[in-house]
Amino acid sequence: MADIIRRTPRALRRWDWPFGRMFEDLFEGLENEFGRWPVHLTERRFLPAIDVTEDDSAVTVTAEVAGMAKDDLEVTVEGDVLILKGEKKEEETKEGVDFHRVERRYGQFERRMRLPEYVNAEKIEASCKDGVLKLRLPKEKAAKAKPIQIKGE
(Lines give C-alpha, C1' and ligand atoms only; values in the text may rest on other atoms or scores of the structure.)
Protein backbone atom coordinates (compact mmCIF):
# COMPACT_ATOMS: atom_id res chain seq x y z
CA MET A 1 0.00 0.00 0.00
CA ALA A 2 1.53 3.32 -1.02
CA ASP A 3 1.35 6.36 1.19
CA ILE A 4 0.89 9.75 -0.41
CA ILE A 5 4.27 11.44 -0.06
CA ARG A 6 5.00 15.08 -0.76
CA ARG A 7 7.80 15.51 -3.27
CA THR A 8 9.69 18.64 -4.07
CA PRO A 9 10.48 19.55 -7.68
CA ARG A 10 14.12 18.62 -6.96
CA ALA A 11 13.06 15.06 -6.06
CA LEU A 12 11.55 14.68 -9.52
CA ARG A 13 14.81 15.48 -11.36
CA ARG A 14 16.46 12.07 -11.72
CA TRP A 15 19.39 13.38 -13.72
CA ASP A 16 20.78 15.05 -10.59
CA TRP A 17 21.74 11.62 -9.31
CA PRO A 18 25.13 10.64 -10.81
CA PHE A 19 24.02 7.17 -11.92
CA GLY A 20 20.40 8.03 -12.78
CA ARG A 21 20.91 8.27 -16.54
CA MET A 22 23.03 5.11 -16.57
CA PHE A 23 20.25 3.07 -14.95
CA GLU A 24 17.60 4.56 -17.24
CA ASP A 25 19.68 3.55 -20.28
CA LEU A 26 20.31 0.07 -18.84
CA PHE A 27 16.66 -0.68 -18.10
CA GLU A 28 15.50 0.78 -21.40
CA GLY A 29 17.92 -1.55 -23.19
CA LEU A 30 16.72 -4.56 -21.20
CA GLU A 31 13.10 -3.74 -21.93
CA ASN A 32 13.88 -3.65 -25.65
CA GLU A 33 15.56 -7.06 -25.38
CA PHE A 34 12.61 -8.57 -23.50
CA GLY A 35 10.58 -8.27 -26.68
CA ARG A 36 12.62 -11.20 -28.03
CA TRP A 37 12.07 -13.45 -24.98
CA PRO A 38 9.15 -15.87 -24.52
CA VAL A 39 6.02 -14.18 -23.20
CA HIS A 40 5.83 -16.26 -19.99
CA LEU A 41 9.28 -14.97 -18.93
CA THR A 42 8.47 -11.31 -19.47
CA GLU A 43 4.75 -11.03 -18.77
CA ARG A 44 3.99 -7.50 -17.71
CA ARG A 45 0.71 -6.26 -16.37
CA PHE A 46 -1.03 -2.98 -16.97
CA LEU A 47 -0.64 -0.48 -14.15
CA PRO A 48 -1.66 3.12 -14.84
CA ALA A 49 0.83 5.81 -13.91
CA ILE A 50 -0.43 8.27 -11.31
CA ASP A 51 0.51 11.74 -10.11
CA VAL A 52 -0.51 13.09 -6.71
CA THR A 53 -0.49 16.85 -6.20
CA GLU A 54 -1.69 19.08 -3.40
CA ASP A 55 -2.70 22.71 -3.02
CA ASP A 56 -4.38 24.68 -0.22
CA SER A 57 -7.85 23.27 -0.87
CA ALA A 58 -7.40 19.69 -2.14
CA VAL A 59 -5.24 16.71 -2.98
CA THR A 60 -5.50 15.71 -6.65
CA VAL A 61 -4.81 12.23 -7.99
CA THR A 62 -4.36 11.97 -11.76
CA ALA A 63 -4.12 8.56 -13.45
CA GLU A 64 -3.36 7.69 -17.08
CA VAL A 65 -6.09 5.34 -18.26
CA ALA A 66 -5.81 5.68 -22.03
CA GLY A 67 -8.04 3.27 -23.92
CA MET A 68 -10.40 2.78 -20.98
CA ALA A 69 -13.97 3.98 -20.61
CA LYS A 70 -15.33 5.29 -17.32
CA ASP A 71 -17.35 2.06 -17.02
CA ASP A 72 -14.06 0.11 -16.94
CA LEU A 73 -12.98 2.00 -13.78
CA GLU A 74 -14.01 1.77 -10.14
CA VAL A 75 -13.02 4.21 -7.38
CA THR A 76 -13.77 3.38 -3.75
CA VAL A 77 -12.68 4.42 -0.29
CA GLU A 78 -12.28 1.89 2.52
CA GLY A 79 -11.45 3.59 5.80
CA ASP A 80 -8.45 5.79 5.01
CA VAL A 81 -7.51 3.97 1.78
CA LEU A 82 -8.36 5.13 -1.74
CA ILE A 83 -8.72 2.19 -4.15
CA LEU A 84 -8.54 2.50 -7.93
CA LYS A 85 -9.58 -0.64 -9.83
CA GLY A 86 -10.13 -1.28 -13.47
CA GLU A 87 -9.48 -3.36 -16.52
CA LYS A 88 -7.91 -2.40 -19.80
CA LYS A 89 -9.34 -4.83 -22.31
CA GLU A 90 -7.28 -6.14 -25.19
CA GLU A 91 -8.55 -5.32 -28.65
CA GLU A 92 -9.93 -8.22 -30.64
CA THR A 93 -7.50 -9.42 -33.27
CA LYS A 94 -8.47 -10.36 -36.77
CA GLU A 95 -7.64 -13.78 -38.09
CA GLY A 96 -4.67 -13.77 -40.42
CA VAL A 97 -3.01 -10.75 -38.80
CA ASP A 98 0.59 -11.22 -37.66
CA PHE A 99 2.01 -9.08 -34.87
CA HIS A 100 5.56 -7.81 -35.29
CA ARG A 101 5.68 -5.97 -31.96
CA VAL A 102 3.32 -5.73 -28.98
CA GLU A 103 4.21 -3.12 -26.37
CA ARG A 104 0.82 -2.07 -25.04
CA ARG A 105 -0.24 -3.62 -21.75
CA TYR A 106 -3.66 -4.96 -20.88
CA GLY A 107 -5.39 -6.52 -17.92
CA GLN A 108 -6.85 -5.78 -14.53
CA PHE A 109 -5.21 -3.46 -12.06
CA GLU A 110 -5.67 -2.20 -8.54
CA ARG A 111 -3.90 0.76 -6.94
CA ARG A 112 -4.24 1.55 -3.22
CA MET A 113 -3.19 4.80 -1.57
CA ARG A 114 -3.47 5.79 2.06
CA LEU A 115 -5.33 9.07 2.37
CA PRO A 116 -4.04 11.87 4.56
CA GLU A 117 -6.22 12.39 7.63
CA TYR A 118 -7.18 15.90 6.51
CA VAL A 119 -8.94 14.69 3.33
CA ASN A 120 -12.75 14.63 3.35
CA ALA A 121 -13.50 11.24 1.76
CA GLU A 122 -17.25 12.03 1.62
CA LYS A 123 -16.72 14.79 -0.95
CA ILE A 124 -14.30 13.16 -3.42
CA GLU A 125 -15.03 14.14 -7.04
CA ALA A 126 -14.00 11.99 -10.02
CA SER A 127 -13.91 12.74 -13.73
CA CYS A 128 -12.53 10.91 -16.75
CA LYS A 129 -11.71 12.70 -19.98
CA ASP A 130 -9.29 12.00 -22.85
CA GLY A 131 -7.77 8.96 -21.13
CA VAL A 132 -7.08 10.75 -17.85
CA LEU A 133 -8.86 9.94 -14.59
CA LYS A 134 -8.80 12.89 -12.21
CA LEU A 135 -9.81 12.65 -8.56
CA ARG A 136 -10.19 15.76 -6.42
CA LEU A 137 -9.99 15.02 -2.71
CA PRO A 138 -11.02 18.18 -0.83
CA LYS A 139 -9.32 19.00 2.44
CA GLU A 140 -11.22 19.53 5.64
CA LYS A 141 -10.34 22.56 7.66
CA ALA A 142 -7.69 21.44 10.08
CA ALA A 143 -8.76 21.51 13.69
CA LYS A 144 -6.97 24.21 15.64
CA ALA A 145 -4.84 23.10 18.55
CA LYS A 146 -6.63 23.68 21.82
CA PRO A 147 -4.43 24.34 24.81
CA ILE A 148 -5.14 22.18 27.85
CA GLN A 149 -4.60 23.62 31.28
CA ILE A 150 -2.61 21.31 33.53
CA LYS A 151 -3.94 21.04 37.08
CA GLY A 152 -1.89 20.16 40.06
CA GLU A 153 0.96 21.46 42.12
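Say we look at the stretch 92-117 and pick out the residues that are over 20 Å from the mean Cα position of the chain (by Cα) and not acidic (Asp, Glu); which of these is farthest from residue 50 (Cα to Cα)? Residue satisfying both the conditions and the ranking: 96.
Have a look at 82, 47 and point out the one that is at pLDDT 80 or above, surrounded by 10 or more Cβ atoms within 10 Å (Cβ to Cβ) and within 21 Å of residue 123 (Cβ to Cβ).
Details: 47 fails: within 21 Å of residue 123 (Cβ to Cβ).
The conditions single out 82.
Of 58, 69, 63, all but one fail to be modelled with pLDDT of 90 or more, under 18 Å from the mean Cα position of the chain (by Cα) and more than 16 Å from residue 116 (Cβ to Cβ); the exception is 63. Total residues in the stretch 105-153 satisfying the condition of being closer than 25 Å to residue 72 by Cβ, in contact (Cβ under 8 Å) with a residue 12 or more places away in the chain and of a type in the set (Lys, Arg): the figure is 7.
The values are calculated or read from the model by the stated rules, or taken from the named source; none is laboratory data. No experiment lies behind these values; they were computed from the predicted model shown. Virtual Cβ from ideal backbone geometry, glycine too; neighbours counted across all protein chains shown.
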